[in-house]
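Only one structure is covered here, and it is reproduced in the block below.
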Amino acid sequence: MIDTSAVRSMAKELCMWSAISEAIVVDVEILDERKRMVRSIPTACLCCLLLWGSTACAPTHTALLSEHGYRVSLHISDTLIWMGFPRPNFPEAAVLVVRVRDAQGQPVDGMPVRFSVEPSWTQNASFTPAEMLTRHGEAQTSFQANTTGVVQVMARVDNVTCEAAITISTTPSPGDGGS
């Protein structure tokens, strides 16, 4: 049996490395040739790690079939968001999009969609808006949180609830080797 908490922890760390990789590349570029040669091996290893870990940071796509035959999917722009000091390439919000399609693959309009988080996060997270009707087969919201951790986000449509995890981390301060 797979230890999901260990997998989530590893994915969280890989996502953090992925998000700060641009800052590391910038630091390497400003070094002189001798230092660049010395740092090329660790940088290459980091790049390999980032490539391996990039799937852990990919947007989530789940598809479920509702009791009325609608195909419901949840798409998330960023499964790692940041709080604290605003910085480029460190998104502070995630965009969640629910898509509803009929049996022929056509968009379904007017379906009520409700976004929520697990009960322990209700005071620390928000969706803007939290409820809406699909338009052109989609409903979109912005998710933000005011504390760090991993939260399960949910979107309910018809009798289907799609779930995904979003990790919230603190942005490194500008003096920590960032861009």
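The values are calculated or read from the model by the stated rules, or taken from the named source; none is laboratory data. This structure is a prediction, so every number in the text was calculated from the model and none was measured. Positions of Cβ are backbone-derived with ideal geometry, glycine not excepted, and every protein chain shown enters the neighbour counts.
Scan the stretch 152-165 for residues that are surrounded by 19 or more Cβ atoms within 10 Å (Cβ to Cβ) and under 15 Å from Ile81 (Cα atoms) and jot them down.
Within the stretch 152-165, the first condition is being surrounded by 19 or more Cβ atoms within 10 Å (Cβ to Cβ), and the residues that meet it are 153, 155, 157, 160, 162, 164.
Matches in the stretch 152-165: Val153, Ala164.
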Fill in the blank from the handout: Apart from one, (1) within 20 Å of the chain's Cα centre (by Cα); (2) without any contact (Cβ under 8 Å) to a residue 12 or more places away in the chain; (3) in a loop (DSSP other than H, G, I, E, B) all hold for Pro88; the odd one out is (2)
Completion exercise
Ala130: passes all of (1) of a type in the set (A, V, I, L, M); (2) free of Cβ contacts under 8 Å to residues at least 24 places away in the same chain; (3) surrounded by 14 or more Cβ atoms within 10 Å (Cβ to Cβ) but (3)
Completion exercise
In the stretch 72-90, residues that are at pLDDT 95 or above and either surrounded by fewer than 16 Cβ atoms within 10 Å (Cβ to Cβ) or of a type in the set (D, E, K, R) (or both) total 1
Exercise for the section: Could you check, for the stretch 100-115, whether at least one of its residues is surrounded by 14 or more Cβ atoms within 10 Å (Cβ to Cβ) and small (Gly, Ala, Ser)? Expected result: no
